[in-house]
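In what follows, a single structure is set out as C-alpha cells and then discussed.
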Amino acid sequence: MVEKERGTQAAEGLSDRVIFKVDVPANRYDLLCIEGLVRALQIFKGVIPAPLYKLSSPKPVPQMTMTVKKETAQIRPFVVCAILRNVTFDQDRYESFIELQDKLHQNICRRRTLVAIGTHDLSTLKPPFTYEALPPKEILFTPLNQTEEMDGNRMMEVLSAHQQLKTYLPIIRDSPVYPVIYDCNRVVLSLPPIINGEHSKIKLETKDVFIECTATDLTKANVVLNTVVTMFAEYCKEPFIAEPVEVVYADDYPGNTFIKPGDKKIYPMLEPREMTANLARMKQALGLEKLSGEEVRDYLRKMSLPCEVDSKDKELLKVQVPVTRSDLMHECDLIEDLAISYGYNNLETSVPQTVAVSGGQPVNNLSDMVRQELAMAGFTECMNWSLLSQKENFACMRREADPKGAQLTVEKPHEYSATSPSVSVSNPKTIGFEIVRTTLISGILKTLANNKQLPPPIRLFEVGDVVIQEPTREVGCKNVRRLVAVHCNMRSQFSLLHGVLDQLMYSLNCEPQHEQKEGSKRRTFKLEPSDDPAFFPGMQAHIICSGIKVGVIGELHPEVLGKKGFEINMPTSAMELNLEPFLDWL
C-alpha cells in the first residue's frame, strides 16, 4: 500500500500483512475504534446483546466536582466530565484509546475548534477540579512529554515547532485568556484545546481515568464524551459502567442558551433516548410490507437498537436509542438501519407508480453528442482522475501557472486557458493527488503512456470537467466542461486530428471562416498561431470561434513526450476544446 502511494523506498522494511480498510460513515463515531467495530459486529451476528450503559451511582461521590468560572464564557464556555474506574490497559488497548481521541478530534471536534478531549490518571490528582480562564503568563505547568515548566506564552513558543500541535495554536493564541483546568492543589490537568499536563499523563499502569471535554458546542461535547466512555468502559472491572462527575457553573457565570448561572449538571448522560416509529410507514418506504412487526424489531436489534412493538398499538415501534447512536435523529434514520440490516441487495426493485417528466442537463446532452462524434471518428473514450500532481499538470506540460489567470477568467469567462491557477488539496495523502486538474491533456497522456505497448495508431478522447479559480464565485472556483483528443502514431499525422476538429465543429453548427457562404447561419471558426510551450513551435494553433479563443490544437513538444514528461515514444497530436461557449450558442 505504501509502495503504491509513496514509492518503493518508503515501503522498505514494512510488513506485507494484509490490512483491511473499513469505510465508516462520517456520523458513526462508535465505529471509529476497534472496540466499537467489533462490538457492533458481535451484536449484528447475535453473539452478544446490545450492552446497557449506566452510571455507578445517580450522584457523584463527594468532592468529585468541576467548577466552571465565569471567565471561561469568553473562550470555551462548556466542559463535561466522566470517570472510568479499574480500567485494565495493555499496549493495544492504550494505542486504541489514543487513536480514538485523535480520530474524534479530526472528525466531530473539527480539529479541536468545537471540542477538545483530555484524559488523565486520576490517581495523580486530587478533586475537586476547577475550569478557569487566565492570562497566559499566569499559567505555569509542564506540558505533556516536556521537562521544562513554562507559562502559556512560552508554551506557544515551544509548540510552534511541533509537527502536530502547531496546527491548534491559532485557536486560542490571540485570546487575552487561555482555558485551563486545575485540581484542588492547583496542579494543571490540561490547557485545552492544545495539550495536557505531564503530571497526569496516562500510562499502561493507570487504573482510574478522568475524562474532560471542553467545548464551544455542548451537544457535540456530550457526543464525544459518551463515545469515549462507552467504547472503553468494557475494560472496566464492572463493564459498561461509568462514574459521574458534577459540573457546577459559578453563580456569576454569564449564562447562555444551554446553561444558566449556578446550574449543576451531572455527566456523562448515558440514559437511552426513546423514539417512536410507524411500522407501516417504515415497511412501505422499503417495499417490505411482508415483514411482521416482530421481524422489523429483530432487524433493528441487530443494529444495536433495543426496541419493542407497542403492546397497545401494533403499528408503533418503541426504540431505546443508546448514546452510541447519536446519528439517529428521525424515523428515516431507522428506515436506513432497517435497510442495512435487511440487506440492500435483498431489497426488491419495482417501477414506482408515479408519472414524471425528466430531462438531461444541457451540458451533459452536449457532452454525449460530442462523445458520439468522436467515437464515430474512431477514437476510444477514457476516464481519468480529476486529481493529479502539480508536476503532471504544469511541469510535465512545460507550463507555469499564471497568477493573473483567475482575473482573466472573470473578464473572459468562455476563453480557453491552460495556465489558470489550480485548486489545491490542503492535505493530500499521496503525491499523485495534489491539485484538481486545470487541463485534460495531462490525464489523457498518462493513459496513453500506460498503453503505449498497443499497436499504433492510438486514438483517445475524454470529455470531462476541469476546475479553475474564479474569485467572484462563492467557493472561489468553477467547473468547466472540456474535450480532449490525442492521436499517436509512428509519424506525425496532425492533419487527421485537424479533420476531426473540422467534423466536430460542423456538428456544433460552426464552419471554417474561409468556407462560409453568403447567407449561412453557422458560426465561423479559424486557427491562429499560438505559443503554448506544451506544443512544438510553429506546429500549433488556437481555435478561434466568433472571436473567442475556445481551444488549442497542435503537435506536442518532444520534452512533453520525453523523459521529463510522460515518456511516450511516438509523435502525438492533441487538441483541447472548451465546450461551455457552445451551450449558449446552441
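The values are calculated or read from the model by the stated rules, or taken from the named source; none is laboratory data. Just so we're clear, the structure is a prediction, and the values are computed from it rather than from any experiment. Cβ atoms come from the backbone with ideal geometry, glycine included; neighbour counts cover every protein chain shown. Calculation scope for accessible area: heavy atoms of the full protein, side chains included, ligands and nucleic acids excluded. Shrake-Rupley method; radii C 1.70, N 1.55, O 1.52, S 1.80 Å.
Listed values, structure above:
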quantity: Answer residue from the stretch 7-62, given it is open to solvent by 50 Å² or more (accessible area, probe 1.4 Å) and of a type in the set (S, T, N, Q) and is nearest to Val323 (Cα to Cα) among those; calculated: Asn27
quantity: Residue match in the stretch 530-540 (condition: open to solvent by less than 20 Å² (accessible area, probe 1.4 Å), at pLDDT 90 or above, of a type in the set (Phe, Trp, Tyr) and closer than 24 Å to Val480 by Cβ); calculated: yes
quantity: Leading residue by the ranking (nearest to the chain's Cα centre (by Cα)) among those in the stretch 143-159 that are closer than 20 Å to Ile98 by Cα and surrounded by 14 or more Cβ atoms within 10 Å (Cβ to Cβ); calculated: Leu159
quantity: Single residue of Lys302, Lys312 found to be over 27 Å from the mean Cα position of the chain (by Cα), open to solvent by 90 Å² or more (accessible area, probe 1.4 Å) and farther than 30 Å from Met505 by Cβ; calculated: Lys312
quantity: Positions within the stretch 188-243 being of a type in the set (A, V, I, L, M) and open to solvent by 30 Å² or more (accessible area, probe 1.4 Å), in sequence order; calculated: Leu204, Ile241
quantity: 1 or more residues modelled with pLDDT of 95 or more, of a type outside the set (Phe, Trp, Tyr) and under 30 Å from Gly36 (Cα atoms): qualifying strands (runs of 3 or more DSSP E) within the stretch 227-293; calculated: 245-249, 264-267
quantity: Candidate set from the stretch 69-93 (those that are in contact with a Ser or Thr (Cβ under 8 Å, 6 or more places away or on another chain) and assigned to a strand (DSSP E or B)); member that is surrounded by the most Cβ atoms within 10 Å (Cβ to Cβ); calculated: Val79
quantity: Residue satisfying all of: in the stretch 5-31; touching a Ser or Thr at 6+ places or on another chain (Cβ under 8 Å) and either hydrophobic (A, V, I, L, M, F, W, C) or farther than 19 Å from Pro306 by Cα (or both); modelled with the highest pLDDT among these; calculated: Asn27
quantity: Tabulated pairs, the stretch 559-586, first open to solvent by less than 10 Å² (accessible area, probe 1.4 Å), second aliphatic (A, V, I, L, M) and in a loop (DSSP other than H, G, I, E, B), C-beta under 9 angstrom, 6+ apart or interchain; calculated: Val560/Ala534; Val560/Ile568; Ala574/Ala534; Glu576/Ala418; Glu576/Leu440; Leu579/Leu508; Phe582/Leu508
quantity: Counted residues, the stretch 94-115 - those being touching a strand residue (DSSP E or B) at 6+ places or on another chain (Cβ under 8 Å), open to solvent by less than 30 Å² (accessible area, probe 1.4 Å) and hydrophobic (A, V, I, L, M, F, W, C); calculated: 5
quantity: Hits in the stretch 447-506 (condition: in contact with a Phe, Trp or Tyr (Cβ under 8 Å, 6 or more places away or on another chain) and either free of Cβ contacts under 8 Å to residues at least 12 places away in the same chain or among the aliphatic types (A, V, I, L, M) (or both)); calculated: Leu448, Ala449, Leu460, Leu483, Val484, Ala485, Val486, Val500, Met505
quantity: Top-ranked residue of the stretch 111-166 - restricted to ones that are assigned to a strand (DSSP E or B) and of a type in the set (A, V, I, L, M), ranked as nearest to Thr216 (Cα to Cα); calculated: Val115
quantity: Residue that is open to solvent by 50 Å² or more (accessible area, probe 1.4 Å) and within 27 Å of the chain's Cα centre (by Cα), where the choices are Ser386, Ser420, Ser442; calculated: Ser386
quantity: Among the residues listed as Ser507, Ser492, Ser520, the single one being within 43 Å of the chain's Cα centre (by Cα), small (Gly, Ala, Ser), open to solvent by less than 80 Å² (accessible area, probe 1.4 Å) and on the phi < 0 side of the Ramachandran plot; calculated: Ser507
quantity: Restricting the stretch 262-299 to residues that are among the basic types (Lys, Arg) and surrounded by fewer than 16 Cβ atoms within 10 Å (Cβ to Cβ), the residue that is nearest to the chain's Cα centre (by Cα); calculated: Arg273
quantity: Check on Glu381, of a type in the set (Asp, Glu), open to solvent by 40 Å² or more (accessible area, probe 1.4 Å), touching a helix residue (DSSP H, G or I) at 6+ places or on another chain (Cβ under 7 Å) and closer than 25 Å to Val2 by Cβ; calculated: no
quantity: Residue list for the stretch 163-187, filter: open to solvent by 20 Å² or more (accessible area, probe 1.4 Å), closer than 17 Å to Thr124 by Cα and not aliphatic (A, V, I, L, M); calculated: Cys184, Asn185, Arg186
quantity: Positions within the stretch 371-417 being modelled with pLDDT under 90, of a type in the set (Gly, Ala, Ser) and not in a helix (DSSP H, G or I), in sequence order; calculated: Ala401, Ser417
